[in-house]
1. With every protein chain kept in place and ligands, DNA and RNA left out, what is the accessible area per residue of the range 52-134? Probe 1.4 Å, answer in Å².
2. Between D23 and residues 5 or more places away or on another chain, which pairs have amide H atoms under 5 Å apart, with H built 1.01 Å from N, and which residues are they?
3. Could you tell me the center-to-center distance, by alpha carbons, between the range 109-146 and the range 53-69 in angstrom?
4. What is the distance, in nm, between label points placed 7 Å from the Cα along the Cα-to-Cβ direction at E169 and at L30?
5. Kindly list the residues of the range 88-104 that lie in the label zone of A73, defined by a backbone N under 19 Å from the point 7 Å along the Cα-to-C-beta vector.
6. If packing is taken as the mean number of other Cβ atoms within 10 Å per residue, what is the order of 29-36, 176-183, 99-106, 67-74, highest first?
7. Quick one: 3J(HN,Hα) in Hz for the range 29-41, Karplus 6.51/-1.76/1.60 with θ = phi - 60°, rounded, Gly and Pro as x.
Amino acid sequence: MLHRRARDFSENRARLRALDSTDPLTGLVLPPVLQLRLRDALRRGDRLGHRCALLLVDLGNHGAIAASEGRQAADRALVVTASRLTRLVRDVDTVCRIRDTRFAVLVEGPFDEGERQRLAQHIVARGLEPVRTLPPDMAPRLRVVTVGVPDGALERGDEGMVNEQVLLERLDAALDARLNDTRRSIHHLQPRDNA
């Protein structure tokens, strides 16, 4: 009996710890966890001389889904998008919801330009697959901005490291600037792009 109570107690503690670092809707990690993992990936990349990739993904038709099908369907589209993103990456990679309709995907290195471009294409293609619980014309429409990091365009801090917050803000601004471009769903930032 004591063993059972101790096990239940430790399971409850584990659940409470998970709530502190998990988005309640999608089950993805929260932005502070992403920032820690990005910082570690940048340090490893600098030390080992390889690049990882960071992708920002926006669910572009979330508002249209909410207006047409209701808030519950729009939330379902977010959950489906999170699930599809998680299935496209490896266990060591990180998927995080950083804003209402925006996700970040950190792909640990070594990761080259061709792989980054193919992953972005897979993300957009998986988003276009129909969702059984939504009308066929309401499949998630995803827009992606990618960058390989470490990135030569970024200012380095006192310790010579790229600031992960600056990197996330740069990608966020780049995605915002490109949301009205209906011709392209994928934008690859080059090391000297200024967003």
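1. Working: 3740 Å² over 83 residues.
Spelled out: the 1.4 Å probe surface of the range 52-134, per residue, equals 45 Å².
2. Residues meeting the amide H criterion: L28, V29, L30.
3. Each part reduced to its Cα centre gives a spacing of 11 Å.
4. 2.1 nm
5. The answer is 101.
6. Details: 29-36: 17.0, 176-183: 10.5, 99-106: 19.6, 67-74: 13.8.
Going from most to least packed, we get 99-106, 29-36, 67-74, 176-183.
7. 5, 7, x, x, 5, 4, 4, 5, 5, 5, 4, 5, 5
The values are calculated or read from the model by the stated rules, or taken from the named source; none is laboratory data. Predicted model only: the values in this text are computed from it and were never measured. Glycine also receives a Cβ, built like all others from the backbone with ideal geometry; neighbour counts cover every protein chain displayed. With ligands, DNA and RNA removed, areas are computed over all heavy atoms of the protein, side chains included. Shrake-Rupley method; radii C 1.70, N 1.55, O 1.52, S 1.80 Å.
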